2 protein chains.
Amino acid sequence: MKVLYAQSGGVTSVINASAYGVLDEAKKAGLEVYVGIHGISGVLRENLLRINDIDIEGLKYTPSAAFGSCRRKLKNQEDINKLFEIFEKHEIEYFFYNGGNDSMDTAWRLHSEAQKRNFPLKVIGVPKTIDNDLPYTDHCPGYGSAAKYIATAMMEATLDLKSMYADSTRVFVMEIMGRHAGWLAAAAGLGWLNGIGPDIILFPEVVFNKERFLDKVDETIRRKGYCSVAVSEGIKYEDGFFVADMGYTDSFGNRQLGGVGFTIAGMVRSELSLKTHVAIPDYLQRSGRHIASKTDVEEAEGVGREAVRLALSGVSGVMVTIERISNDPYKVEFKTVELNKVAEQTKYLPEDFHNEFEVTDKFIEYAKPLIEGEFFPPFKNGLPDYLVIEEVEQQ
Amino acid sequence: MKVLYAQSGGVTSVINASAYGVLDEAKKAGLEVYVGIHGISGVLRENLLRINDIDIEGLKYTPSAAFGSCRRKLKNQEDINKLFEIFEKHEIEYFFYNGGNDSMDTAWRLHSEAQKRNFPLKVIGVPKTIDNDLPYTDHCPGYGSAAKYIATAMMEATLDLKSMYADSTRVFVMEIMGRHAGWLAAAAGLGWLNGIGPDIILFPEVVFNKERFLDKVDETIRRKGYCSVAVSEGIKYEDGFFVADMGYTDSFGNRQLGGVGFTIAGMVRSELSLKTHVAIPDYLQRSGRHIASKTDVEEAEGVGREAVRLALSGVSGVMVTIERISNDPYKVEFKTVELNKVAEQTKYLPEDFHNEFEVTDKFIEYAKPLIEGEFFPPFKNGLPDYLVIEEVEQQ
């Protein structure tokens, strides 16, 4: 009985903790464990690595996809047939796919095909996304750490702005990931828990109105001298156009966004004549493992282990979800949802989690436990000592 | 006998540790201690805060200028006269100015004026700059922590790129501060100490040649599939023009730079047809106290204490410097240099610290001790618990 695990989609700083959970739990169950290099793309090329004899301890504190990710969707029945040939040849009976919406669609199609073929394959989805936009789960592994990174960065940059505003920069803008949902932009507001945060958050769920935004900046400057802004890359005008469309699409057909921070800052500079600074953390916010949330790391490992337990008990066609049992003390249980329900759905920031320019106490109450706890990586030479698996390098 | 301390110029994540050193040492000497709010600008407005009864312990782990910074230079003799009126009125006998090149010029002019007037004022400069471009000192407090931030960010983003390149982003570009000198850009290369770093570093000391750069990207992509690039905001074409001049100047008359990351990525996209991602950490790299270097924090506090010891022994008109006595074990001693020697000079990255696109082992040997050790801030609610001084807020 062999297990296959693979990683897919945009990475997080804790997806490898999920990998650790899956792989360690499967090894402990006495199974032979393989990993597909660069997700389903690698599996299609039979690029599989047996990991039973590889030291994977370091996955717990290494960001990004240690086994390589991919953005490939299943294109047609030919892809599916090829995969089942490979599953059969390598006697794969368990397949764990660690990803977001698109990856759950892939997992669902493989599960359905297995049923159709009466092929003894159990498929379980392991959730992962910094965007926190997967439905049917209270939150998603990857979000808590990205949220902690963003809130910390916003606090530190706002302290910087506050130091400088007297005769220099008056407005700081930080551009935050999150194409459709404002979960990450909202996270910028968490610094207020410790007294320092953004004055304005621009959510993708709120239609961008230039005049109202500039009025709010102006009012803030008059009141306190400086204005700190968190802007989601996904903000749109009333006509549905992204404020900062980059002009091309990625391999999943999604429009590439970027530079909205400069667009917004340009408005402030030209209309209000204020000096601005712009930060675009980009990849840093999703790979910032050095400031990961302990809660997030532990849950990421947990959903991985749960996926294996479910598959071994005969379950297939589901994604592991997290249900919040209580908030104080924070307590969760792992549940499941059918993969086809998750695929290609987006969970937006609820209306009572934000108003036009700020998060509500309800959001803060929701997000606070998710960023709790520190789980620093080991350091060597003054820098994080991340795991790079030699055997993956050689693939 | 009263002490006056003030902060000036772009902030760092450890300038407050220097503040702590100065203020604590002066308090211990039984002096009455005042702080100018927003540097010399605040002093000119008599915006002084007595800090003897304020708890300043948190300065050791709080980034940016807790007492506010400024970019103001002394404009004319009228400014100087006004300052001496204030020094006289408040019986200030010791003035500590914590800043970079421009601030040392201010300090020098006050020291000279005091001598001319036979006014009993001792002036000591406390060095601070993430840029590490102050002459006559082995390195400068603020650099080690910014270097540690940049190296860590580059490692994490490169791991991200390496996860994604198979069918998505192939080139990642991180834009790094440092208008004239390449010390911070070079720091991106430190990740190679732990096996993950940039493939290309573009230094301001090296004339930017688009063709050679694109050839190097192309060669790297062919060899390993992806290419990670660190670019200094200060890179220039052969004719001396900045590759990304923003089109305006700041209040010190310096050209504002920004967006070079997008310029460089645009070249890669249009000429090599490769998907790119761009990160611009901006303020985050100079205020990222959560990943500060312990060595840096301790030295920042140390130069502050040394400044007070010197002033109390009658010295004036100097900046505290750091001399490296040995590299392994790393050991430094504090020395001094006349303020007028420091002012408006720039220490560039030495030629044997870099080649066209990489740092040398000699640079790594130089920089490694400066990023050593972790000194995390306390955390509360999952976020750093930074000090915000109520009395400063009320000024």
Fill in the blank from the handout: Residues in segment A:10-55 that are over 22 Å from the mean Cα position of the chain (by Cα) and not in a helix (DSSP H, G or I) total 17
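I'd like the full set of residues that are of a type in the set (Asp, Glu), at pLDDT 95 or above, over 16 Å from B:TRP192 (Cβ atoms) and part of a loop (DSSP other than H, G, I, E, B), limited to segment B:329-371. Write out each step before concluding.
Of all residues in segment B:329-371, those of a type in the set (Asp, Glu) come to B:333, B:338, B:344, B:351-352, B:356, B:358, B:361, B:365.
With at pLDDT 95 or above added as a condition, the list becomes B:333, B:338, B:351-352, B:356, B:358, B:361, B:365.
From the residues that got through so far, the ones that are over 16 Å from B:TRP192 (Cβ atoms) too are B:333, B:338, B:351-352, B:356.
Scanning segment B:329-371 gives a single hit, B:GLU356.
Kindly provide the set of residues from segment B:375-386 that are surrounded by 18 or more Cβ atoms within 10 Å (Cβ to Cβ), within 10 Å of chain A (Cβ to nearest Cβ) and either among the β-branched types (Val, Ile, Thr) or touching a residue at least 60 places away in the same chain (Cβ under 8 Å) (or both), ordered by number.
Narrowing segment B:375-386 to residues surrounded by 18 or more Cβ atoms within 10 Å (Cβ to Cβ): B:375, B:377, B:379, B:382-384, B:386.
Filter once more, so that each one left must be within 10 Å of chain A (Cβ to nearest Cβ): B:377, B:379, B:382-384, B:386.
Answer for segment B:375-386, where residues must be surrounded by 18 or more Cβ atoms within 10 Å (Cβ to Cβ), within 10 Å of chain A (Cβ to nearest Cβ) and either among the β-branched types (Val, Ile, Thr) or touching a residue at least 60 places away in the same chain (Cβ under 8 Å) (or both): B:PRO377, B:PRO384, B:TYR386.
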Problem - Complete set of residues in segment A:304-319 that are open to solvent by 50 Å² or more (accessible area, probe 1.4 Å) and in contact (Cβ under 8 Å) with a residue 40 or more places away in the chain - result: A:ARG309, A:LEU312
Practice task
Answer yes or no: is there a residue in segment A:301-314 that is in the same structural domain as A:GLU57 (by TED's automatic domain parsing) and either β-branched (Val, Ile, Thr) or in contact with a Pro (Cβ under 6 Å, 6 or more places away or on another chain) (or both).
Solution key: yes
Problem - Scope segment A:162-187; condition at the interface with another protein chain (Cβ under 7 Å from one of its Cβ atoms) and in contact with a helix residue (DSSP H, G or I) (Cβ under 7 Å, 6 or more places away or on another chain); matching residues - result: A:ALA166, A:ASP167, A:PHE172
Practice task
Any chance you could count how many residues in segment A:1-22 are open to solvent by 10 Å² or more (accessible area, probe 1.4 Å) and more than 10 Å from chain B (Cβ to nearest Cβ)?
Solution key: 3
Fill in the blank from the handout: For segment A:147-181 the number of residues that are assigned to a loop (DSSP other than H, G, I, E, B) and open to solvent by 10 Å² or more (accessible area, probe 1.4 Å) is 8
Exercise for the section: State whether the residues of segment A:79-87 include one that is open to solvent by 20 Å² or more (accessible area, probe 1.4 Å), more than 14 Å from chain B (Cβ to nearest Cβ) and outside any helix (DSSP H, G or I). Expected result: no
Exercise for the section: Examine segment B:55-65 for a residue that is in contact (Cβ under 8 Å) with a residue 40 or more places away in the chain and either under 26 Å from B:GLU113 (Cβ atoms) or in contact with a Cys (Cβ under 9 Å, 6 or more places away or on another chain) (or both), and state whether such a residue exists. Expected result: yes
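Working carefully through the options A:ILE322, A:ILE389, find the one that is touching a residue at least 40 places away in the same chain (Cβ under 8 Å), within 14 Å of chain B (Cβ to nearest Cβ) and surrounded by fewer than 23 Cβ atoms within 10 Å (Cβ to Cβ).
Values: A:ILE322 fails: within 14 Å of chain B (Cβ to nearest Cβ).
The match here is A:ILE389.
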Practice task
Within segment B:206-247, count every residue that is over 20 Å from B:ALA279 (Cα atoms), free of Cβ contacts under 8 Å to residues at least 24 places away in the same chain and open to solvent by 50 Å² or more (accessible area, probe 1.4 Å).
Solution key: 8
Problem - Residue pairs meeting the criteria (Cβ under 6 Å; at least 6 apart or on separate chains; first farther than 30 Å from B:SER112 by Cα, in segment B:336-353; second in a loop (DSSP other than H, G, I, E, B)) - result: B:LEU349/B:ALA181; B:LEU349/B:GLY182; B:LEU349/B:GLU205; B:PHE353/B:THR360
Practice task
Go through segment A:100-139 residue by residue and tally those that are open to solvent by less than 20 Å² (accessible area, probe 1.4 Å), in contact (Cβ under 8 Å) with a residue 60 or more places away in the chain and assigned to a helix (DSSP H, G or I).
Solution key: 6
Completion exercise
When (1) farther than 19 Å from A:TYR136 by Cα; (2) open to solvent by less than 60 Å² (accessible area, probe 1.4 Å) are applied to A:VAL337, the one that fails is (1)
Exercise for the section: Test B:LYS73 against the stated conditions and say whether it is basic (Lys, Arg), outside the structural domain of B:ALA147 (by TED's automatic domain parsing) and modelled with pLDDT of 95 or more. Expected result: no
Practice task
Collect the residues in segment B:188-240 that are in a helix (DSSP H, G or I) and within 14 Å of chain A (Cβ to nearest Cβ), keeping them in residue-number order.
Solution key: B:ALA188, B:GLY189, B:LEU190, B:GLY191, B:TRP192, B:LEU193, B:ASN194, B:ARG223, B:LYS224
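Does A:ASN76 count as surrounded by fewer than 17 Cβ atoms within 10 Å (Cβ to Cβ) and touching a strand residue (DSSP E or B) at 6+ places or on another chain (Cβ under 8 Å)? Before you say what the answer is, go through the steps one by one.
Details: surrounded by fewer than 17 Cβ atoms within 10 Å (Cβ to Cβ): yes; touching a strand residue (DSSP E or B) at 6+ places or on another chain (Cβ under 8 Å): no.
Taking the combined requirement at face value, the residue does not satisfy it.
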Exercise for the section: Name every residue in segment B:23-48 that is small (Gly, Ala, Ser) and open to solvent by less than 10 Å² (accessible area, probe 1.4 Å), in order of residue number. Expected result: B:ALA26, B:GLY36, B:GLY39, B:GLY42
Problem - Filter pass, B:GLY195 being small (Gly, Ala, Ser) and more than 24 Å from the chain's Cα centre (by Cα) - result: yes
Handout entry: Single unsatisfied condition, B:ILE176 versus (1) farther than 24 Å from B:THR12 by Cβ; (2) under 28 Å from the mean Cα position of the chain (by Cα); (3) in contact (Cβ under 8 Å) with a residue 60 or more places away in the chain
Key = (1)
Handout entry: Selection from segment A:354-372 of residues that are touching a Ser or Thr at 6+ places or on another chain (Cβ under 9 Å) and open to solvent by 20 Å² or more (accessible area, probe 1.4 Å)
Key = A:HIS354, A:GLU372
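Any residue in segment A:164-179 that is basic (Lys, Arg) and modelled with pLDDT of 95 or more?
Yes.
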Exercise for the section: Any chance you could count how many residues in segment B:257-292 are surrounded by fewer than 22 Cβ atoms within 10 Å (Cβ to Cβ), more than 7 Å from chain A (Cβ to nearest Cβ) and assigned to a helix (DSSP H, G or I)? Expected result: 7
Practice task
Test A:GLY144 against the criterion of being open to solvent by less than 10 Å² (accessible area, probe 1.4 Å), out of contact with any helix residue (DSSP H, G or I) (no Cβ under 6 Å at 6 or more places or on another chain) and within 28 Å of A:ILE15 (Cα to Cα), and give yes or no.
Solution key: no
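The values are calculated or read from the model by the stated rules, or taken from the named source; none is laboratory data. On a predicted model such as this, the values are computed, not experimentally measured, just so you know. Positions of Cβ are backbone-derived with ideal geometry, glycine not excepted, and every protein chain shown enters the neighbour counts. Quick note on the areas: whole protein, heavy atoms, side chains included, nothing else; ligands and nucleic acids left out. Shrake-Rupley method; radii C 1.70, N 1.55, O 1.52, S 1.80 Å.
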